[in-house]
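Nothing in this text is a laboratory measurement; each read-out follows from the coordinates by a stated rule. What you see is a predicted model; the values in this text were computed from it and never measured. Cβ placement follows ideal geometry from the backbone for every residue including glycine, while neighbour counts extend to all protein chains displayed.
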């Protein structure tokens with residue numbers, strides 16, 4: 001028996017259908033929040049997740065976040081502010 005986990009992957013910017021084509025059939029694509037694209041769907045195992053991330057990085061997508069979510073977190077009204085920061089946080093850390 002295979003157990004799947006629902007994951008949310010947030011990509012900086014509005015990802016085009018061309019970049020996301022391999023994910024369209026199995027994932028929900030949400031562009032409702034300005035500045036990011038949310039990709040949500042079932043991931044079978046670690047190798048499946050690594051393949052998704054490998055595809056996204058190969059097409060130049062900038063990942064903002066990735067992680068498992070509960071099914072109740074799928075609605076955009078419950079989504080936190082995921083817009084990319086306008087400050088460079090890396091330069092302020094010592």
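Note on segment 53-66: among residues that are out of contact with any helix residue (DSSP H, G or I) (no Cβ under 7 Å at 6 or more places or on another chain) and assigned to a loop (DSSP other than H, G, I, E, B), the one that is surrounded by the fewest Cβ atoms within 10 Å (Cβ to Cβ) is 60. Each residue in segment 1-52 was checked for being free of Cβ contacts under 8 Å to residues at least 12 places away in the same chain and either outside any helix (DSSP H, G or I) or crowded, with 18+ Cβ neighbours inside 10 Å (or both), and 5 of them qualify.
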